[in-house]
Structures are given as structure tokens and as C-alpha cells.
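Below is one structure; the comments refer to it alone.
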Amino acid sequence: MEPPSQGPLTAPEVDPGQREVLAEGPRRGPWQGGTPVTHPEGDLSITVHCLSQSNLTDLTVTFDGGEFGVPCSNLHQTTVTNVWEATSAGQLSLTVTTEETVRWYISAQVAQS
């Protein structure tokens, strides 16, 4: 029996009233981040789109203010957005931890004032 076909994996869109300060992908597996980016003061949102090529697989995003997990489906694209209100201006650095079977995109956006 063949496994079910997977839907497409797409990049997160920039939301109205937001400015994208970091975008990465498509990538597969873990990522240690690149050069930290500067972000202005304002509400910060981090969106992940992911798709596993095996079973349900966890993906963890680590950043300067903490971390969050995303359960990546093997049937359809999983989308998770986390928002932190009124963050101070500063540097943002992200790390993604997951299995090689997971493809993903990530976008960090700040509310425009």
C-alpha cells in the first residue's frame, strides 16, 4: 500500500500591518540559524510551516526569548504562529531542531507602528 500523498509546503505570507524581519526556507532538518537580525520594538510573531515525510514529528524553534514546539504532520502542512506582545527592539536569532524527514519554512514578523 502506498502512503497518502502530501499537500504542498508553502512559505508563510507577510500579514497585513507586519514587516518580515527574518525568513528562512525551504529547509530540511535542523538549522543553527544565521546572522542575528535586528528587529524594531513591537509585537513579534514567529510562524512555522512544516511537513514531515515520515510519522508525526516534532520541530522546536529556539530563540532569545525562549522556545516553542510544532507537531509536524505527515499528511498536510502544519502551520503554527506564536505572538509576543510589545517586545523591545533588539537582535533575533533562531534555531530549528527536528529530524531530517521534516521540511519547513519560518518567518519572523514585527507589527509596523
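A compact table of results
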item	result
Total charge dipole magnitude, the chain, about the Cα centre, Cβ charges on Lys, Arg, Asp, Glu only, Debye to nearest 20	240
Per-pair calculated FRET efficiency, R0 = 30 Å: residue 55 and residue 9 via Cβ, rounded to 0.05	0.95
HN-Hα J in Hz across segment 67-81 - Karplus 6.51, -1.76, 1.60, θ = phi - 60°, x for Gly and Pro	7, 8, x, 10, x, 7, 6, 9, 10, 8, 4, 9, 10, 9, 10
Rounded if a/c under 1.5, otherwise prolate or oblate - segment 1-83, Cα gyration tensor axes	prolate
Computed lengthening from residue 28 to residue 76, 0.36 nm per intervening residue step minus Cα-Cα distance	15.7 nm
Loop-located GluC sites (Glu not before Pro) in segment 29-98, at most 15 other Cβ atoms within 10 Å (DSSP)	41
Average Cα contact separation per residue, segment 10-113, under 8 Å, 6 or more apart, as relative contact order %	48
Accessible-area composition of the chain, carbon plus sulfur, in percent [1.4 Å probe]	48
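The values are calculated or read from the model by the stated rules, or taken from the named source; none is laboratory data. It should be emphasised that the depicted structure is a prediction, and the values quoted were computed from it without experimental measurement. Because the Cβ atoms are built from the backbone with ideal geometry, glycine has one as well, and the counts that use them run over all protein chains shown. Surface accessibility is based on the protein's heavy atoms, side chains included, excluding ligands, DNA and RNA. Shrake-Rupley method; radii C 1.70, N 1.55, O 1.52, S 1.80 Å.
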